[in-house]
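Notes follow once the structure below has been shown.
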């Protein structure tokens with residue numbers, strides 16, 4: 001199995017997947033604000049971290065441009081205290097928006 005980075009690069013250089021169920025698509029780049037944290041996942045914990053990330057985004061002068069996403073990096077059998085999670089929110093810098101006429 002290829003690592004994710006190899007699959008991403010494969011899309012750019014024209015590699016075709018051997019499984020017809022797999023489709024390669026190009027996704028435009030995004031500027032993402034990220035908040036990493038460890039521990040278990042629950043709806044309440046996610047909402048707490050999301051609120052904190054939104055406040056940090058506001059303090060840094062960024063604008064939220066889309067819905068946040070949650071990233072979990074570990075398998076379900078990983079002990080809760082070793083798990084790594086991230087809240088990711090697509091953002092735009094105010095100066096970028098000014099250049100685009102927003």
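The values are calculated or read from the model by the stated rules, or taken from the named source; none is laboratory data. Small disclaimer: the values here were computed from a predicted structure and weren't measured. As a convention, Cβ positions derive from the backbone with ideal geometry for all residues, glycine included, and neighbour counts pool all protein chains shown.
If only residues of region 78-101 that are at pLDDT below 90 and loosely packed, with under 10 Cβ neighbours inside 10 Å are counted, the one that is farthest from residue 31 (Cα to Cα) is 81. Under the condition of being in contact with a strand residue (DSSP E or B) (Cβ under 8 Å, 6 or more places away or on another chain) and outside any loop (DSSP other than H, G, I, E, B), which residue from region 16-44 is nearest to residue 80 (Cα to Cα)? Within region 16-44, the match that is nearest to residue 80 (Cα to Cα) is 38. Scanning region 45-68 for residues that are within 15 Å of residue 31 (Cβ to Cβ) and part of a helix (DSSP H, G or I), we see that the one that is nearest to the chain's Cα centre (by Cα) is 53. Residues in region 17-34 that are at pLDDT below 85 and surrounded by 10 or more Cβ atoms within 10 Å (Cβ to Cβ): 17, 24, 30.
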